[in-house]
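Notes follow once the structure below has been shown.
The values are calculated or read from the model by the stated rules, or taken from the named source; none is laboratory data. This structure is a prediction, so every number in the text was calculated from the model and none was measured. Glycine gets a Cβ as well: all are built from the backbone with ideal geometry, and neighbour counts include every protein chain shown. Accessible surface is based on the protein model in full, side chains and every heavy atom, while ligands, DNA and RNA are left aside. Shrake-Rupley method; radii C 1.70, N 1.55, O 1.52, S 1.80 Å.
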Amino acid sequence: MIKAVLFDLDDTLFDHRGCAREALRAVQGCHDRFRSMPFDALERAHARFLEELHADVMRGRMPLEHARVERFRRLLASMDVPSAEDLAARIATTYRDTYRTARRVIAGASALLAAVKTHARIGIVSNNLLEEQQEKLRTCELDEFVDALVVSEEAGSSKPDPAIFRLALDRLHAVPEDAVMIGDSWAADVVGARAAGIRAIWFNPDGAPAPTGEIAPPELRALEPVDGALRMILDTHRD
């Protein structure tokens, strides 16, 4: 019997990728070099610096507000735009304001959490900052469904480390055999859940192939229809 259901947040319940794309399209209009660049190339360059600096923020090596500006300073520098702190700060503000305005859930997320809540306790396990993730949950009105929010900032470990999953289960008073984890990242969510002895469900809306040589767990391509997603989540068959 499933007693605890763990979810990743970004790009599983919360549409981070969609919000980020809207924000980056707004940024593209901020400078001629951005406007002359194909959007997919701009997106790849931005993602590279975002991931680099996110790691620094998670390790406490850089304050979040500084990282937000530094990301665009590096992006500008990579395009041979002379270093301009004010310009990078203005672009960072455009990105952040647009992202916040665009915040939304993945289709079906609210209804699925409401359905799961009638059967099990719900935890969120996320490699991010506590305040950032709390704000997303509140804004999207998902917080009412969540019994435990566990983030790497406070946990002292990050997915796929089994420790962060075990902390979530401890807070939900559950054991791995009675839990399931749903997330979009193979490396963080599927590998991490399996290492912790938790059944994994891969949220895979793009239909990406499983890594070579790996056995794919059950897959959700969408959170809707809710009845089908709920049946998969509550299925006690081990992957």
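This table checks each residue for (1) among the hydrophobic types (A, V, I, L, M, F, W, C); (2) closer than 22 Å to Pro176 by Cβ.
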residue	(1), (2)
Arg73	no, no
Thr98	no, no
Ile106	yes, no
Ala114	yes, no
Glu144	no, no
Val150	yes, yes
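Applying the criterion of at least 2 residues that are open to solvent by 50 Å² or more (accessible area, probe 1.4 Å) and not acidic (Asp, Glu) to the helices (runs of 4 or more DSSP H) found wholly in region 124-239 leaves 130-139, 162-172, 191-195, 226-234. Answer yes or no: is there a residue in region 101-109 that is touching a helix residue (DSSP H, G or I) at 6+ places or on another chain (Cβ under 7 Å) and crowded, with 18+ Cβ neighbours inside 10 Å. No: region 101-109 contains no residue that is touching a helix residue (DSSP H, G or I) at 6+ places or on another chain (Cβ under 7 Å) and crowded, with 18+ Cβ neighbours inside 10 Å.
Flag: Thr118 matches the condition of being of a type outside the set (A, V, I, L, M) and either surrounded by fewer than 15 Cβ atoms within 10 Å (Cβ to Cβ) or touching a strand residue (DSSP E or B) at 6+ places or on another chain (Cβ under 6 Å) (or both). A search for C-beta distances below 8 Å between a residue of region 32-47 that is within 18 Å of Ala92 (Cα to Cα) and touching a residue at least 12 places away in the same chain (Cβ under 8 Å) and any residue that is of a type in the set (Lys, Arg) and open to solvent by 50 Å² or more (accessible area, probe 1.4 Å), counting only pairs 6+ apart in sequence or on different chains, returns Phe39/Arg25; Glu43/Arg21. For beta carbons closer than 6 Å, sequence separation of 6+ or different chains, a first residue in region 1-28 that is part of a loop (DSSP other than H, G, I, E, B) and a second that is open to solvent by less than 30 Å² (accessible area, probe 1.4 Å) and at pLDDT below 95, there are no qualifying pairs.
Of all the numbered requirements in (1) free of Cβ contacts under 8 Å to residues at least 24 places away in the same chain; (2) over 25 Å from Asp15 (Cβ atoms); (3) not small (Gly, Ala, Ser), Glu65 misses one, and that requirement is (2).
Screening the candidates Val151, Val116, Val191 for the property of being closer than 19 Å to Leu234 by Cβ and modelled with pLDDT of 95 or more yields one hit, Val116.
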